[in-house]
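Engineer: This is the structure I have questions about; it appears just below.
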Amino acid sequence: MALSKPIPKDITEELFRYRLEQAEEEVKLAKRLLKEGFIRNAAGKAFQAWKELLGAYIVKHYEDLKGFYSEEKLKKLALLVPTTKMKEISNKLAQVGERELTAWTDKALSLHRFQYNGPDPDLALSDYRSEEEAREDIEILIGEIERRVRELRKG
């Protein structure tokens, strides 16, 4: 399992591959947790997989993103992919050609909230009324992550 490997500290093809491997491993865990009925935990793993994938996109578009961030800031974003910056990062990636990432990031962040708050029939603390609603989005998101990982591996 690749989850125990240390993250490469330089912005290289190695970091790009690392992020893709991590995304794949998180998806595997999300699927297993879904199968076992741990929906909130699966939501967290699906979110983490998207976060890893977003890191791969930062590396892929590193040179293009230098127009928005200093070298120091961009490297930090690529290595950490802070949750609080995911919307901003997705918006910048949209400006360099990855337009669909913003909607997928919103879905991942909704699942992140669900992980902590669970379902909420009033939708005050969560974007999901039930675990079944969340399960559907988890399955959709992990399917998209798998598709994108395959696409990114092809080059």
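Engineer: List pairs: first in region 72-96 and under 19 Å from Thr12 (Cα atoms), second in a helix (DSSP H, G or I) and hydroxyl-bearing (Ser, Thr, Tyr), Cβ under 7 Å, 6+ apart or cross-chain?
Structural biologist: Partner pairs satisfying both residue conditions: Leu74/Tyr62; Ala78/Tyr62; Leu93/Tyr57.
Engineer: Just give me the residues in region 82-119 being more than 13 Å from the chain's Cα centre (by Cα), within 22 Å of Leu34 (Cβ to Cβ), assigned to a helix (DSSP H, G or I) and of a type outside the set (A, V, I, L, M, F, W, C), in sequence order.
Structural biologist: Matches in region 82-119: Arg113, Gln115, Tyr116, Asn117.
Engineer: Something else: Suppose we filter Leu20, Leu15, Leu79, Leu74 for residues that are farther than 29 Å from Leu125 by Cβ, in contact with a Pro (Cβ under 6 Å, 6 or more places away or on another chain) and outside any loop (DSSP other than H, G, I, E, B); which single one remains?
Structural biologist: Leu15
Engineer: List, please: which pairs have Cβ atoms under 7 Å, are six or more places apart or on different chains, and start with a residue in region 113-133 that is surrounded by 14 or more Cβ atoms within 10 Å (Cβ to Cβ) and end with one that is of a type in the set (Val, Ile, Thr) and assigned to a loop (DSSP other than H, G, I, E, B)?
Structural biologist: Pairs found: none.
Engineer: Take Lys45 and tell me if it is surrounded by 17 or more Cβ atoms within 10 Å (Cβ to Cβ), of a type outside the set (Ser, Thr, Tyr), outside any loop (DSSP other than H, G, I, E, B) and free of Cβ contacts under 8 Å to residues at least 40 places away in the same chain.
Structural biologist: yes
Engineer: Determine the pairs where a residue that is at positive phi and surrounded by 21 or more Cβ atoms within 10 Å (Cβ to Cβ), located within region 9-32, has a partner that is part of a loop (DSSP other than H, G, I, E, B) and not acidic (Asp, Glu) with Cβ atoms under 9 Å apart, the partner being 6 or more residues away or on another chain.
Structural biologist: Partner pairs satisfying both residue conditions: none exist.
Engineer: Select from region 48-71 the residues that are of a type in the set (Phe, Trp, Tyr) and touching a residue at least 40 places away in the same chain (Cβ under 8 Å) and list them in ascending order. Working first, answer last.
Structural biologist: Pass one, region 48-71, residues of a type in the set (Phe, Trp, Tyr): 50, 57, 62, 68-69.
Matches in region 48-71: Trp50, Tyr57, Tyr62.
Read the figures in this text as sums done on the coordinates, not as results from a lab. None of these values were measured; they are calculated from a predicted model. Glycine also receives a Cβ, built like all others from the backbone with ideal geometry; neighbour counts cover every protein chain displayed.
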